[in-house]
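Worksheet: one structure, shown below.
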Amino acid sequence: MKSKDSARGGAKAAAPRGSGTVTLEMVAQAAGVSPSTVSRILNGTAVVNELKKQAVDDAIARLGFVPNPMARGLAGGRTLSIGVVTQAIDSPFYGAALRGIEDELDPAGYSPLYVSGHWNAAAEARCIEVLRSRRVDGIVVLTGRLPDQALKACAKNLPVVVTGRGLKAPGLFSLNFDNCEGGRLATQHLIDLGHRRIAFIAGDPDHPDATERLRGYRMALEAAAISFDPALVVPGEYHEVSGLLAVDRLIEARQGFTAIFAANDQMAVGACLGLHRRGLRVPQDVSVVGFDDLSVSRYTLPPLTTVQHPARELGQLAAQAMLQMLRGEKPAADVPLPRVVVRESTRAPGKG
């Protein structure tokens, strides 16, 4: 049997230990107002004078009443939760994006539910089903490998915001960063310094952002009339160890190079360690550029030149777009353009 609290959009909650259960009716009685007034104040829909609102706030604090957002949301047809499919919660990049999502959802009264797809389409599909079973009000997908058609199908039932793609469909909004231009700018920075033998540590070729950064690298070389040398392109996996191993591979293959462009900051950090272990100095012997501008990049030794890809802001924009969709508005968001943040890991060749 449903309680009156649930029917009115309120909820029961645990009171301070030993005092029993505090109900919405008890708060109303203590504040001298009706239960419906308390419910409307909690839902943010009440138009009441400040004295009544203060009386309700005081009663809530005194009695230890904790509103149940699930019950309140269900009364309005929503759970006040947003599903977020990330790729790896422990990733510095995605961690910053999740923080950005929280920054926007929390003041709006929504809670994020995080699940990780680990760059696996089947796992991401399971994540979507788990979130739908939790009756989330919408889903944010941070890049990933889920096919476009699967995202379009999901958007037929609830709002979807996806990053890292240029995708259009009813109920779906996408935010796409210009990774190609970022890759071009990073390479052009090294070319402008005078480098001609520029190695590239690539990301996973199944990642759209990785292939776009490689395309930008090749565009910059072509524009500068520098021949593309496939031997200077080595695979990486977007983590530090793969950057270190890529340097080992380049050196053991006796590939001469004066600069490295790594497809993300984590691989750039690993590359710097790999160069150090080989007795090479950054930037005196080899210049290094990363991608993402993670917070740690300004504290590496030397501080890392990188392409700014504002993860936290991207998360904020994704959450803002979701909230706009839930309000019945047409989402609008401008993803920042890439730019090179020049620090101390790059310099002209031959200045050591």
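The values are calculated or read from the model by the stated rules, or taken from the named source; none is laboratory data. These numbers were taken from a predicted model, which means no experiment stands behind them. In this analysis, Cβ positions are derived from the backbone assuming ideal geometry, glycine residues included, and neighbour counts consider all displayed protein chains. When the accessible area is computed, the model is the full protein with side chains, heavy atoms only, and any ligands, DNA or RNA have been set aside. Shrake-Rupley method; radii C 1.70, N 1.55, O 1.52, S 1.80 Å.
Filtered by the rule that a residue be open to solvent by 40 Å² or more (accessible area, probe 1.4 Å) and under 15 Å from VAL141 (Cα atoms), region 158-172 gives GLY166, LYS168.
For region 275-298, name all the residues that are among the hydroxyl-bearing types (Ser, Thr, Tyr) and free of Cβ contacts under 8 Å to residues at least 60 places away in the same chain. Of everything in region 275-298, just one residue is among the hydroxyl-bearing types (Ser, Thr, Tyr) and free of Cβ contacts under 8 Å to residues at least 60 places away in the same chain, namely SER297.
Filtered by the rule that a residue be in a strand (DSSP E or B), out of contact with any Phe, Trp or Tyr (no Cβ under 9 Å at 6 or more places or on another chain) and open to solvent by less than 30 Å² (accessible area, probe 1.4 Å), region 173-212 gives SER174, LEU175.
Quick grid of which residues meet (1) in a loop (DSSP other than H, G, I, E, B); (2) under 30 Å from GLU240 (Cβ atoms); (3) small (Gly, Ala, Ser):
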position	(1), (2), (3)
ALA88	yes, yes, yes
ALA96	no, yes, yes
ARG99	no, yes, no
HIS118	yes, yes, no
ALA122	no, yes, yes
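Determine the pairs where a residue that is at pLDDT 90 or above, located within region 116-135, has a partner that is aliphatic (A, V, I, L, M) and open to solvent by 90 Å² or more (accessible area, probe 1.4 Å) with Cβ atoms under 8 Å apart, the partner being 6 or more residues away or on another chain. Correct list of pairs: SER116/ILE89. A count restricted to region 250-266 and to residues that are in contact (Cβ under 8 Å) with a residue 12 or more places away in the chain, assigned to a loop (DSSP other than H, G, I, E, B) and more than 19 Å from LEU214 (Cα to Cα) stands at 2.
With respect to being at pLDDT 90 or above, in a strand (DSSP E or B) and either open to solvent by 60 Å² or more (accessible area, probe 1.4 Å) or not β-branched (Val, Ile, Thr) (or both), LEU113 fits the description. Checked against the criterion of being farther than 22 Å from ARG339 by Cα, β-branched (Val, Ile, Thr), open to solvent by 10 Å² or more (accessible area, probe 1.4 Å) and without any contact (Cβ under 8 Å) to a residue 60 or more places away in the chain, the candidates VAL233, VAL269, VAL247 yield just one match: VAL233.
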